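Asker: Here's a structure for you.
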Amino acid sequence: MQSLKDPKSAEFREERQINNHLCGEINAKNSHGGYVGFKRFIAQADGYAIEESTLRTLTTAEPTTEEIISGLDVKLKLMKNLKREPTAQEVDSAVFEEAWKKYCPHQ
């Protein structure tokens with residue numbers, strides 16, 4: 001996971017594999033050397049996403065038309081609920097939640 005400041009410090013818990021996805025929680029050190037707290041993650045062979053981080057697509061290729069439309073749908077839902085333009089962080093959080101529900105449902 002290249003976006004981690006100190007990948008060797010990563011701690012994992014609650015991992016479970018669902019189809020082609022690995023879901024769980026990750027904790028790692030920040031640039032000050034302190035652990036940031038466990039965050040949910042979704043990973044597959046060609047990409048990953050970590051909650052509350054800059055969202056990385058679950059593929060290393062350019063986003064597909066389906067992914068772009070899905071992101072726009074999430075943004076439109078947020079705009080309707082918030083009655084204002086959502087921030088990029090709000091959109092990323094909502095997109096992560098949608099992906100979590102889709103790929104990492106409770107068993």
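Every read-out reported here was derived from the displayed coordinates using simple, explicitly stated rules and does not represent laboratory data. Here the structure is a predicted model, which is why all the values come from computation and not from measurement. Cβ atoms come from the backbone with ideal geometry, glycine included; neighbour counts cover every protein chain shown.
Asker: For ILE18, what is the net charge nearby, where nearby means another residue's Cβ is under 14 Å from its Cβ and Lys, Arg count +1, Asp, Glu -1? All intermediate terms of the calculation are to be shown ahead of the outcome.
Answerer: Working: positive: ARG16, ARG40, LYS101, LYS102; negative: GLU14, GLU15.
That sum, taken over residues with Cβ under 14 Å, equals +2.
Asker: Residue by residue through the stretch 35-40, which ³J(HN,Hα) values in whole Hz follow from phi under the Karplus form 6.51 cos²θ - 1.76 cosθ + 1.60 (θ = phi - 60°), with glycine and proline marked x?
Answerer: Each residue's phi maps through the Karplus curve to give 6, 8, x, 5, 10, 5 Hz.
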